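Below is one structure, written out as structure tokens; the observations come after it.
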Amino acid sequence: MDTLGSLVDSSLVRPQTRYGEPWFALLETIREYALDRLREGGEWTEAHDRHAAYFLALAEPAAADLAGPGQLAWLDRLEAEHDNLRAAMSWLVDHGPLEQAVHLSQVAWRFWWLRGHAAELARLGDDFVAGSEDLPSFQHAVALTRAGFILIGNGDPARGQQLLEQTLPLYRQVSEKLGVLMNATVLATLGHLAATRRDYADAGKLLDHGRTLLAEVRGDDLAGYDRLQYLLTAALLYNCQHDHDGAAQLFTNGLAVARRAQDWSPLLVSLYDLALARQAQGDLAGAAEHLQEGLALAAQAGDETSAAYYLEVLAAVAAQQDNPRRAVRLFAAARSILDARGSGWLHAFVPRVPHDDAALAALRSPIGDAAFDQAQAWGRSAGSKPAVEYALQKP
């Protein structure tokens, strides 16, 4: 500490505060000089290996980090270390061992998805695939699964589907519970992808198969991360059905499982799907209630893209409730957020309501050109936080 203090006093290290904790950073010129010296000293590889090992351990969630407020604190901790996590991941992918890179993506995928960083992992998908062929079957399957999820989260569900389908025969070779559970997780994801394509027959087959596999795994026998994975898979398997009445019941079951897990990802999928089912049944008040809960959760988790998809459905509900001005504001705000932040991950698991220019144009005549332009301008410029606050208000 004395040495660190002297470096701060000499202005070679700058003190900072992030998420309420003290941080220290090198001046950029000093950092570049230190990196050059590190290369010259022959400790380059050792330093990077130690760095990657440290941040792999940091990203590993403890039991308290897996649910509710603990998960939010864990997300904040990883956000504060975002640059270091990205550097550790890149080093492990480029220099190995690849198993550790796959493990890092497996334990920290919620961070990259919920905090809108999926795009930076997209280039690693092909690296996972190319480097995993020599791994044992289960580890190869896990690498393909992580690569598939990365592509889905970055807006390439077709390529992600291809990789996930390749894992199914590999997981069938594994009799352990984790292998069966991962197989069910892949089937749940493939079922959702089929449903978003409106291929409900294929979706039903995949999800039924996944539920059969899940029945072989006793969730009560699992603990920690495996228990959370079980609950997530169960929620996803219950969250896909095209029959509105049947869907509402399945989505209700999925939401109950997601609430037990207190895991943001299945909660956001479950609330969104259940809201669409309520909307299709004509229960607009019930739909709005689920949407506002999901919107608040997405905002709390810092997941701006998922919040935007919730804003879109709230806009559609507002239009059905004869509130076109509110609908225009919410549609415009959602589009602005997605234009700025990218497509996010939620769209790969849920169907979107009509959100194109035609949907907006239909709202112009009820309120007139001037009011329409004013509402659209507000939505475009509001920003994420004011738009969420507006959407959470009672109409």
Taking Cα atoms, the helix 44-59 axis meets the longest principal axis of the chain at an angle in degrees (rounded to 10) of 40
Interchain or sequence-distant (5+) residues whose placed amide H lies within less than 5 Å of the amide H of Arg18 are Trp23
For the chain, the longest principal axis of the Cα atoms and the Cα long axis of helix 82-95 enclose an angle in degrees, to the nearest 10, of 70
At 222 nm, what value in deg cm²/dmol follows for the chain if DSSP H runs of at least 4 each add -39500 (n - 2.57) and the sum is divided by all its residues, to the nearest 500? -24000 deg cm²/dmol
For the Cα atoms of the chain, what angle does the longest principal axis make with the long axis of helix 68-80, in degrees from 0 to 90, nearest 10? 50
Report the one residue of Leu66, Ile337, Pro366 whose Cα lies farthest in the direction of the positive end of the charge dipole of the chain (charges on C-beta: Lys and Arg +1, Asp and Glu -1; origin at the Cα centre). Pro366
Given the candidates Gln161, Ala319, Tyr171, the one whose Cα lies deepest towards the positive end of the charge dipole of the chain, counting +1 at each Lys or Arg C-beta and -1 at each Asp or Glu C-beta, is Ala319
Might you report the magnitude of the Cβ-based charge dipole of region 246-305 about its Cα centre, with Lys and Arg at +1 and Asp and Glu at -1, to the nearest 20 debye? 200
Within 10 Å of each candidate Cβ there may be at most 15 other Cβ atoms; applying that plus a DSSP loop requirement, which GluC sites (Glu not before Pro) in region 27-126 survive? Glu43
Angstrom value of the Kirkwood radius, inverse mean 1/r, which spans all Cα pairs in the chain: 22.6
Going residue by residue through region 102-115, the Karplus relation 6.51 cos²θ - 1.76 cosθ + 1.60 with θ = phi - 60° gives ³J(HN,Hα) values, rounded to whole Hz and with x marking Gly or Pro, of 4, 5, 4, 5, 6, 7, 10, 4, 4, 4, 5, 6, 5, 9
When the dipole is taken about the Cα centre of region 101-231, and only Lys, Arg (+1) and Asp, Glu (-1) are charged at their Cβ, what size is it in debye, to the nearest 20? 360
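Taken together, the values in this text are just the output of simple stated rules run on the coordinates, not laboratory data. Every value quoted in this text rests on a predicted model; they were computed, and no experiment measured them. Don't worry about glycine lacking a Cβ; one is built from the backbone with ideal geometry, like all the others, and counts go over all protein chains shown.
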